[in-house]
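Read-outs: derived from the displayed coordinates by stated rules, not from any lab. Worth saying up front: this structure is predicted, and the values here are computed from it rather than measured. Note that each Cβ is placed from the backbone with ideal geometry, even for glycine, and that neighbours are counted across all protein chains shown.
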Amino acid sequence: MQSFFVIAILVLGFVVMFQIAKASEYVGILRGEEKSRKQSNRVNAFLLLVFLILGLIGVYYCNEQLKDKILGPSASDHGILVDRMLYITLALTGVVFFATQIALFWFSFKYQESDKRKAFYYPHNNKLELIWTVIPAITLTILVGFGIFYWFKITGDAPKNAMVVEVTGKQFGWEFRYPGNDGVLGKKYYKNIDAAKNNPVGQIWDDEANKDDIFVEQEMHVVVNKPVKLVIGAKDVIHDVGLAHFRMKMDAVPGTPTTMWFTPLYTTKQMQDKYGKDFAYEISCDQMCGKGHWSMRGVIVVDTQEEFDAWIAGKKPQYYVAFPDKDPSAPKADSLAKPAPVVASLTTDK
Amino acid sequence: MSEAMHTTSAVSAAHGEHHDEHHGHHKETFITKYIFSQDHKTIAKQFLITGIVWAFIGGLFSVLFRLQLGYPDTKFPILETLFGHWAAGGQITPEFYYALVTMHGTVLVFFVLTAGLSGTFANLLIPLQIGARDMASPFLNMLSYWFFFGASIVMLSSLFIQTGPAAGGWTIYPPLSALGEASIGSKAGMDMWLIGMALFIVSSLLGGLNYISTILNMRTKGMSMTRLPLPIWAMFFTAVLGVLSFPVLLSGAILLLFDRNLGTSFFLSDIVVNGQVLPNEGGSAILFQHLFWFLGHPEVYIILLPAMGMVSEILSVNSRKPIFGYMAMLGSMFAICILAFLVWAHHMFVTGLNPFLGSVFVLLTLLIAVPSAIKVFNWLTTLWRGNIRFTPAALFSIGFVSLFISGGLTGIFLGNSTIDIHLHDTMFVVAHFHIVMGVASFFGMFAGVYHWYPKMFGRYLNNTLGYIHFWVTMIGAYLIFWPMHYEGLAGMPRRYLDKRGWVSFSQFGDLDKMITVVTVIVFAVQLLFIFNFFYSIFKGRKVTTQNPWGANTLEWTTPIRPGHGNWAGEIPEVHRWPYDYAKDGRDFIPQTEPVGANESAH
């Protein structure tokens with residue numbers, strides 16, 4: 001019923017508007033086309049000026065309303081560079097924006113048709129063209145210079161002491177693997193992926209480096225002020241590790257590993273003290289990946305070193321999850337539960 | 001001797017027949033005149049009307065998904081009535097949402113702003129403004145439309161199949177688009193998308209080759225390349241871009257069809273989908289993105305250049321002043337055309353692209369801002385000290401320049417890879433390209449329709465409706481897309497249909513509501529335009545003078561309702577460039593007027 005009324009109102013609005021438009025056309029013809037054309041010319045010129053003024057106020061008002069809703073200062077060292085580049089660009093383009101928009105609408109208003117004025121025959125001026133080729137070129141060179149300088153800082157090699165975490169995207173969630181005590185991620189092969197055999201990322205168990213790798217889902221822990229290097233991949237389709245608070249982003253591509261690194265500057269607790277209990281460093285999938293794309297959320301918890309050590313100490317390497325009988329800490333009885341499939345998987349896995 | 005006379009009369013008779021054909025006196029049936037027509041003007045109208053139908057469909061899609069974005073917690077029972085299980089319980093399902101955004105993008109980028117815009121105005125203006133009776137090959141021209149029509153049929157049918165149309169985004173990145181198991185939209189709908197696009201590309205190539213050969217070979221006497229009106233130059237560069245880049249998309253589409261149906265692994269490698277291990281190894285998902293964006297980036301200029309050309313012409317005519325810096329306008333279009341091919345990887349800064357390569361693409365991308373800036377300054381100087389008439393076409397042209405500035409400047413943010421890390425695939429990108437490519441090109445198209453409608457139909461559009469159309473659309477476009485940048489600055493990813501589950505992105509609920517309301521209003525006003533368009537074809541005020549805008553170009557020397565062949569007698573000869581407005585105290589001097597003895601040179 002409600003939608004019926006909405007449609008009825010729309011149709012009525014149409015009819016009214018159309019009748020007015022038609023009437024104004026007839027009135028125009030009666031009063032003389034030239035005269036009514038000049039009147040509508042004045043009205044539109046005035047409206048262009050009004051649009052400029054209200055538009056500028058609108059730009060200011062919009063900024064007042066929304067500036068506190070963007071994310072606040074960056075929470076990573078690289079993000080600080082990104083923000084700085086953003087503000088440099090904003091300042092330069094802001095000047096151009098106001099200058100050209102004001103010129104556009106002001107000229108339109110000022111040079112509206114008038115019987116008193118003759119248009120000025122002004123087909124070209126090479127000096128002017130040269131000026132407004134060279135000035136944008138110089139401005140853009142500055143922007144390119146800063147941009148590339150920061151870009152190489154951000155995309156350069158991760159420091160030697162960086163901790164490594166492997167991130168794997170899948171429809172629709174995130175999986176993480178820590179290299180364990182040896183600091184090396186074991187080799188993997190996608191055909192080994194088998195959730196039923198407790199091998200979610202396809203680790204090759206023959207590789208010694210795999211035996212201490214730790215696997216967790218949805219929540220990743222990192223250490224404040226310690227560089228972290230993410231090795232990123234995907235199982236099914238392209239995803240993207242989007243870290244809005246850290247200003248970082250990298251695609252997760254099946255078959256082509258990618259990396260990025262950054263240093264978190266504030267722990268989750270510090271941010272919760274500042275922004276409220278609900279605060280979380282969220283991982284958003286930024287590349288269209290199917291029907292659950294909009295809800296593909298992960299969380300990064302930034303810990304102090306002690307908190308992190310305590311957290312990781314509570315985790316069992318995935319090798320022991322897959323082969324409970326090999327786990328030195330587990331009671332012997334557990335290992336007798338399912339011995340047969342374990343042997344089978346050991347022999348078939350490469 | 002009598003034999004010789006006989007031969008002569010036969011030759012002259014044959015000549016006469018030939019002559020007649022040019023003048024369009026041969027018999028025309030309804031079918032040859034309106035359906036399988038080879039007249040470029042009719043083909044232009046066919047492209048335009050098909051484009052309007054598509055714009056209605058694509059725009060309606062955006063209203064539907066804006067309802068979801070603005071009111072994620074509200075149920076609209078009418079949606080379930082109309083769309084059944086795709087909107088179960090009156091709420092748009094995620095599958096439906098992604099199908100809507102995908103088809104919205106595909107339809108508007110390709111079917112409306114490529115075919116509907118350059119198909120319409122290249123066909124209409126090229127022969128009329130260069131002084132030709134028709135295209136180099138009217139038959140290929142007709143085929144171009146009918147391939148487009150075929151593409152439309154295939155794409156439209158995909159909306160009605162059980163698994164729905166393609167739903168992987170208009171960029172259809174594999175593996176998502178290659179694997180039916182990964183998404184319902186990657187089943188039959190995706191094959192139809194690819195077939196539809198293949199037909200579309202054939203259409204675009206037939207059209208493009210025709211435009212190029214017509215402009216190069218069929219200009220009237222005196223019409224040197226530097227006397228061409230700017231819309232023609234714009235159409236020329238557009239056609240060159242299309243001819244060189246569309247085949248690359250075709251290759252990508254065909255390889256993707258192979259991957260989908262023949263078991264090849266061009267784009268697929270190391271995939272486990274829904275627990276099922278696929279055999280494909282060694283392909284590269286990124287390869288597709290290179291193929292796609294090698295077209296995809298020139299595509300935005302294919303959309304934008306015709307609008308730029310028409311806006312240049314309309315601003316000059318309505319400010320009664322020559323376009324400022326004709327040669328600089330040409331040069332900047334040429335530069336844009338070259339650079340358009342060298343920037344595609346700026347869509348791929350965060351795909352794991354080599355950072356050095358990334359830096360090269362930053363340089364080339366920001367370089368495009370230089371010719372763009374030149375164009376803006378030239379338009380501003382064209383208005384300066386003019387005597388401006390605000391026809392609806394002129395207003396849309398001014399609106400175009402405003403939007404081009406706003407959207408162009410945000411491109412400088414995104415083209416810089418450092419900032420792009422943060423803004424990539426956020427709502428900032430959506431705001432940016434909608435302003436600069438979507439709305440701006442639409443403004444160029446509207447300007448063109450209002451300006452050349454009298455030439456197309458011999459009648460005027462209703463002016464008052466035109467002004468309402470302009471002002472609501474202009475204000476609406478800024479209200480919709482300006483605040484959207486802030487969502488992107490907050491890092492909000494695009495294609496999120498419900499943000500309530502997120503801590504970082506849920507603070508924009510009221511803003512999304514406002515944007516949705518404005519979208520509905522703007523859409524309603526476009527319906528008003530469509531009504532105005534069709535009503536005025538039959539009932540609009542009649543054009544009574546040959547040259548209603550006082551313009552210099554050749555199309556206004558044809559009869560008010562030109563037949564096939566355009567000019568009744570000889571094609572006029574051209575003696576000057578098309579922008580002699582306000583010269584030597586005269587309001588305008590048509591291109592056909594010889595240069596006077598004591599006239600100052602420009």
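Across peptide B:285-292, the average count of Cβ atoms from other chains found within 10 Å of a residue's Cβ is 2. Only lysines eight or more places from B:K583 in sequence, or on another chain, were considered; those with a Cα closer than 16 Å are A:K118, B:K321. Backbone amide hydrogens, once placed in the peptide plane, bring A:Y281 within less than 5 Å of A:I300, excluding anything fewer than 5 places away on its chain. The order of B:C337, A:C289, A:C62, going from fewest to most other C-beta atoms within 10 Å of their C-beta, is A:C62, B:C337, A:C289.
Where only DSSP H runs of four or more residues are counted, chain B gives -20000 deg cm²/dmol as its mean residue ellipticity at 222 nm, each run worth -39500 (n - 2.57). Put simply, the convex hull of the Cα atoms in region B:329-369 casts, on average, a shadow of 2.7 nm². Note on region A:28-179: percent of Cα-Cα distances in each 10 Å bin, starting at 0 and stopping at the bin with the largest distance, equals 8, 18, 23, 20, 14, 9, 5, 2, 0.
Taking the fewest neighbouring Cβ atoms within 10 Å as the starting point, the ordered list for A:S36, B:S203 is A:S36, B:S203. Counting, for every residue in B:361-371, the Cβ atoms of other protein chains within 10 Å of its Cβ and taking the mean gives 4. Among A:F152, A:F18, A:F105, the largest mean-square fluctuation in a Gaussian network model of chain A, built with springs joining Cα atoms closer than 10 Å, belongs to A:F18. Backbone phi angles across region B:64-76, fed through the Karplus curve with coefficients 6.51, -1.76 and 1.60 (θ = phi - 60°), yield HN-Hα couplings of 4, 7, 5, 4, 5, 5, x, 10, x, 9, 9, 9, 10 Hz in residue order; Gly and Pro are listed as x.
Helical content of chain A, expressed as a calculated mean residue ellipticity at 222 nm, amounts to -16000 deg cm²/dmol (DSSP H runs of 4 or more residues, -39,500 (n - 2.57) each, divided by residue number, nearest 500).
Once backbone amide H atoms are built at 1.01 Å from N, A:V164 has A:K229 as its partners under 5 Å, excluding neighbours fewer than 5 places away on the same chain. Near A:I238, the amide H atoms lying under 5 Å from its own belong to B:L176; only residues 5 or more places off or on other chains count, and H is placed 1.01 Å from N. Ranking B:V401, B:V154, B:N552 by how far each Cα lies toward the positive end of the dipole of the protein assembly as shown (charges on Cβ) leaves B:N552 at the top. For chain A, complete DSSP H runs whose alpha carbons reach 24 Å or more along their own long axis and whose mean Kyte-Doolittle score is 1.0 or higher are A:2-31, A:77-110, A:126-155. Put simply, region B:37-588 fits an ellipsoid with semi-axes of 39, 25, 24 Å; these come from the alpha carbon gyration tensor as the roots of five times its eigenvalues, largest first. Convex hull volume of the C-alpha atoms in the protein assembly as shown, normalised per residue: 188 Å³. Restricting attention to the protein assembly as shown, close to 75% of DSSP beta bridges with both partner residues there are antiparallel. A DSSP coil position with no more than 13 other Cβ atoms inside 10 Å describes the following chymotrypsin sites (Phe, Trp or Tyr not before Pro) in region B:105-181: B:F160. Computed from backbone phi with θ = phi - 60° and the Karplus coefficients 6.51, -1.76 and 1.60, the 3J(HN,Hα) list for region A:244-259 is 4, 5, 8, 6, 10, 6, 7, 5, 10, 10, x, x, 9, x, 10, 9 Hz; x is used for glycine and proline. Along the charge dipole of the protein assembly as shown, Cβ charges K/R +1 and D/E -1, which of B:L199, A:W132, A:H245 sits furthest on the positive end? My answer, from the dipole projection, is A:W132. Take the Cα pairs of region A:157-261, get the Kirkwood Rh, then feed it into Stokes-Einstein at 25 °C and 0.890 mPa s and tell me D in µm²/s. My calculation gives 174 µm²/s for D. B:S284 sits among other residues whose Cβ lies under 14 Å from its own Cβ, and their net charge, with Lys and Arg +1 and Asp and Glu -1, is -4. Across chain A, Cα-Cα distances exceeding 27 Å account for 66% of all pairs. What is the log10 of I(q)/I(0) for region A:163-348, computed with the Debye formula using one identical point scatterer on each Cα and no solvent, at q = 0.17, 0.18, 0.19 Å⁻¹? Summing over Cα pairs of region A:163-348 leads to -1.13, -1.22, -1.32. Counting Cα-Cα pairs of region B:111-270 in 10 Å increments starting at 0 gives whole-percent bin shares of 11, 35, 26, 17, 9, 2, 0.
Quick one: order A:E33, B:E487 by neighbouring beta-carbon count within 10 Å, fewest to most.
A:E33, B:E487
Phi angles across region B:331-347 convert, under the Karplus curve 6.51 cos²θ - 1.76 cosθ + 1.60 with θ = phi - 60°, into 3J(HN,Hα) values of x, 5, 5, 4, 4, 4, 4, 5, 5, 4, 7, 10, 10, 4, 6, 5, 7 Hz, Gly and Pro given as x.
By the equivalent-ellipsoid construction on the alpha carbon gyration tensor, region B:181-240 comes out with semi-axes of 40, 11, 5 Å, ordered largest to smallest. For region B:559-602, the average shadow cast by the Cα convex hull is 4.0 nm², which is a quarter of the hull's surface. Here B:K75 is the anchor, and the lysines within straight C-alpha reach of less than 28 Å, apart from those fewer than 8 places off in the same chain, are A:K69, A:K291, B:K499, B:K513. Hey, in the GNM for chain A with a 10 angstrom Cα cutoff, which one of A:Q171, A:Q39, A:Q270 fluctuates hardest? Highest fluctuation among the options: A:Q39. Scaling against 2.2 N^0.38 Å puts the C-alpha radius of gyration of region B:362-495 at 1.19. Over all Cα atoms in region B:390-465, the spread is summed up by Rg and Dmax: 16.2, 53 Å. Mean per-residue shielding of peptide A:92-100 is 4, counting Cβ atoms of other chains within 10 Å of each Cβ.
Could you tell me which trypsin sites (Lys or Arg not before Pro) in region A:201-261 are loop residues by DSSP with no more than 14 other beta carbons within 10 angstrom of their beta carbon?
Those that pass, being in a loop and sparsely packed, number zero.
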